[in-house]
Amino acid sequence: MLKFTCCDAVQQFFTSGQAQVLRGITRGFERECLRVDAAGHLAKTPHPLALGSKLTHPWITTDYSEALLEFITPPSQDPDFPLRFLRDIHRYVAPHLGGEAMWAGSMPCVLGEDKDIPIADYGSSNAARFKYVYREGLSLRYGRKMQTIAGAHYNWSLPTDFWLALKDCCLGGSKLEDFVSQRYFGLIRNFLRYGWLIPYLFGASPAICESFLQGQPSDLPELVPGTRYGPYATSLRMSDLGYHNRAQANLRVSVNSLAEYTQALEAAIRTPDPFYEELGVRDGTRWKQLNANLLQTESEFYASMRPKRIGKLGERPAKALHKYGVEYVEMRLFDLNPFVDIGITPEQGAFADVLLLMCLFRDSPPITSREQSENDENKRRVVNRGRQPDLHLLVHNREQPFRPLAHELFDDMQPFAEMLDAAYGGSRYAMAMRDLRGRIDHPDSTPSAQMLAGAREHGGFFKYAMQLSQQHTQALQAQALDASATARFVASVEASLREHAQREAAEQGSFEDFVAQYYA
């Protein structure tokens, strides 16, 4: 049964005209994807110059590897804008790939040895070197293959008018920025409780190329030679095999309050780890990692959702959060959808809007260590065997069947879909929820099941993903941008290259001082 925070006041909020403030929700997507050569191997070529500087371009950059593209949409209050702009980015990028393709799946293409995966090179400025050394540290700590996994992130925030209205309804006595942070952290806690719905509905990585294992043993059975898979898996990307790496299993970062969260991150970037100390920070003049602590930077902490704040004076993430409070949240559970050319479908954003609103309004007590273990176990079960017919999840230490729990959550989300439809007009949210709900009772309709079926039909994960990658890249190359959009991208590329050159030419000082200043 759904329990709202400050229930009567929230009901009043629903029924009053104040739901219109939801039109001010700001959204944005980040999409990662690998560049691959004509044989489906990881590209060894540099980031194309025609795409601008990966250090300074606002929309087109790289993540860990030189071959791992990352596309970032500007924040917008128009719910259709992020995917429209993301498509334009793809249409601009595709013709500049020189015979390469954008890999369609979250799990990578054919990989060689770990050492052959190229780290992104951002240049010679101190800021560029910092990014490179950070990535060197990631390869030292976790290996490079993990860093080739791609996904999609959803950035989401509510407008000031919403927070003022809600604070008035709930008779919040604290400062507005404190009230906002408290409610965002309540949202995050609930997302950790119910976010397992995301990999079930949208997970699309149930299989991997054998090369990803790099000769290591695996419990995954063989689908066909060269492909390992989880028979009921939804998102191996989010499993212990993928980005949910066991190396951070003992790193406990509380989301029970802003203070606890930022203090935990601050402690992690300042607490030495004996193994990382043994690896060493420097080898002569060569930096191997930024430090030998539990985390090099706050960004190294892998989480399903992160509270975010852009510093007003360039502060690092935890410091900016502590100083100014939460500005938006970054939801990080989406696999790439390999069946669409831009990797993300409209219903993903629609569902996230509804789920995040429910998480915001629902009661959200602090998460105990016992409940955290339960939340982790539920996500582990869904990503590894979410389509298993008799799957059960844990609720207050008791095993409960998956499907009734999922249906109950859809029931609880229904009022929020209706609220969003009332705010925007139309029935976008109700229709998306209705269609997605069908996946609960029909697991064969999920992207993970469809991906497995395609892999079986086409002779394995690699062959199927390669075919989709080539089809998508060719389709995008055939979708010419209009003259004004092309001019906008060309101008952004030129501006990024100018800014990059200016940074390279500017007085740098020592890299040691630059690193020390970051942690000061």
Quiz item: In nm, what is the difference between 0.36 nm times the number of residues separating residue 38 and residue 498 and their Cα-Cα distance?
Solution: 162.4 nm
Exercise. Could you sort 185-196, 385-396, 272-283 so that the peptide with the highest average Cβ count within 10 Å comes first and the rest follow in order?
Key: 185-196, 385-396, 272-283
Exercise. Pop out the ³J(HN,Hα) list for region 504-511 in order, Karplus 6.51 cos²θ - 1.76 cosθ + 1.60 with θ = phi - 60°, rounded to Hz; leave Gly and Pro as x.
Key: 5, 7, 6, 4, 9, x, 7, 5
Quiz item: What number, in nm² with one decimal, is the all-direction average of the projected area of the convex hull of the alpha-carbon atoms of region 365-423?
Solution: 5.3
Quiz item: Can you list, largest first and rounded to whole Å, the semi-axes you get for region 180-246 by taking the square root of 5 times each eigenvalue of its Cα gyration tensor?
Solution: 32, 13, 8
Practice problem: Give the shape of region 395-487 as rounded, prolate or oblate, defined through the alpha-carbon gyration tensor: a ≥ b ≥ c are the square roots of its eigenvalues, a/c under 1.5 means rounded, and otherwise the shape is prolate if a/b is larger than b/c and oblate if not. | Solution: oblate
Quiz item: For the chain, what is the accessible area per residue in Å², given a 1.4 Å probe and the full set of protein chains?
Solution: 41
Quiz prompt | At R0 = 22 Å, FRET efficiency that the Cβ-Cβ distance of residue 467 and residue 222 yields, to 0.05 | solution = 0.60
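What trypsin sites (Lys or Arg not before Pro) does region 70-104 have in DSSP loop regions with at most 14 other beta carbons within 10 Å?
none
Would you kindly calculate the mean projected area, averaged across all directions, of the convex hull enclosing the Cα atoms of region 317-456, in square nanometres?
The orientation-averaged projected area of the Cα hull of region 317-456 comes to 11.1 nm².
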Quiz item: Separation between the residue 260 and residue 388 pseudo-spin-labels, each 7 Å from Cα along Cα→Cβ, expressed in nm?
Solution: 3.0
Quiz item: Taking only C-alpha pairs under 8 Å that are 6+ residues apart, what is the relative contact order of the chain in percent?
Solution: 23
Self-check item: Centre separation in Å (Cα based) which lies between region 12-75 and region 431-498
Solution: 14
Quiz prompt | Accessible-area composition of region 71-168, carbon plus sulfur, in percent [1.4 Å probe] | solution = 47
Quiz prompt | region 444-520 - Kirkwood radius from inverse mean 1/r over Cα pairs (Å) | solution = 17.6
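For a Förster distance of 22 Å, can you work out the FRET efficiency between the beta-carbons of residue 214 and residue 278, rounded to the nearest 0.05?
It comes out at approximately 0.45.
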Quiz item: Between residue 313 and residue 76, what FRET efficiency comes out of the Förster formula 1/(1 + (r/R0)^6) with R0 = 25 Å and r the beta carbon distance, rounded to 0.05?
Solution: 0.50
Practice problem: Please list, in chain and number order, the residues 5+ apart from residue 290 or on another chain whose amide H is under 5 Å from its amide H, with Hs placed from the backbone. | Solution: 137
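Quick one: in the chain, what % of C-alpha pairs are over 31 Å apart?
46
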Self-check item: Cut-off 17 Å (backbone N to label point 7 Å along Cα→Cβ of residue 177), residues of region 303-328
Solution: 307-328
Practice problem: Any chance you could run the full-extension gain for residue 400 through residue 430? It's 0.36 nm times the residue separation minus the Cα-Cα distance, nm to one decimal. | Solution: 8.1 nm
Quiz prompt | Computed label-point distance, nm, for sites residue 369 and residue 490 using a 7 Å Cα→Cβ extension | solution = 6.2
Self-check item: Which listed pairs, of 54/175; 115/463; 131/167, have C-alpha distances above 30 Å, in listed order
Solution: 54/175; 131/167
Practice problem: With a 1.4 Å probe and all protein chains in place, put 466, 431 in order of accessible area, largest first. | Solution: 431, 466
Quiz item: Which whole-Hz couplings ³J(HN,Hα) result when phi for each residue of region 257-262 is put into the Karplus expression 6.51 cos²θ - 1.76 cosθ + 1.60, θ = phi - 60°, listed in order with x for Gly and Pro?
Solution: 6, 4, 4, 5, 5, 5
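Taking all protein chains as present, what is the carbon and sulfur share of the accessible area of region 405-445, in % to the nearest whole number, probe 1.4 Å?
Exposed carbon and sulfur together represent 52 percent of the surface.
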Quiz prompt | Gained length - residue 339 relative to residue 512, 0.36 nm times residue gap less alpha-carbon distance | solution = 57.7 nm
Exercise. Show that you can apply the helix-only estimate: for the chain, add -39,500 (n - 2.57) for every DSSP H stretch of four or more residues, divide by all residues, and state [θ] at 222 nm to the nearest 500.
Key: -14000 deg cm²/dmol
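The values are calculated or read from the model by the stated rules, or taken from the named source; none is laboratory data. This one's a predicted model, so the numbers in the text were calculated from it and none came from an experiment. Don't worry about glycine lacking a Cβ; one is built from the backbone with ideal geometry, like all the others, and counts go over all protein chains shown. Side chains are part of the model used for accessible areas, which takes the heavy atoms of the whole protein and leaves out ligands, DNA and RNA. Shrake-Rupley method; radii C 1.70, N 1.55, O 1.52, S 1.80 Å.
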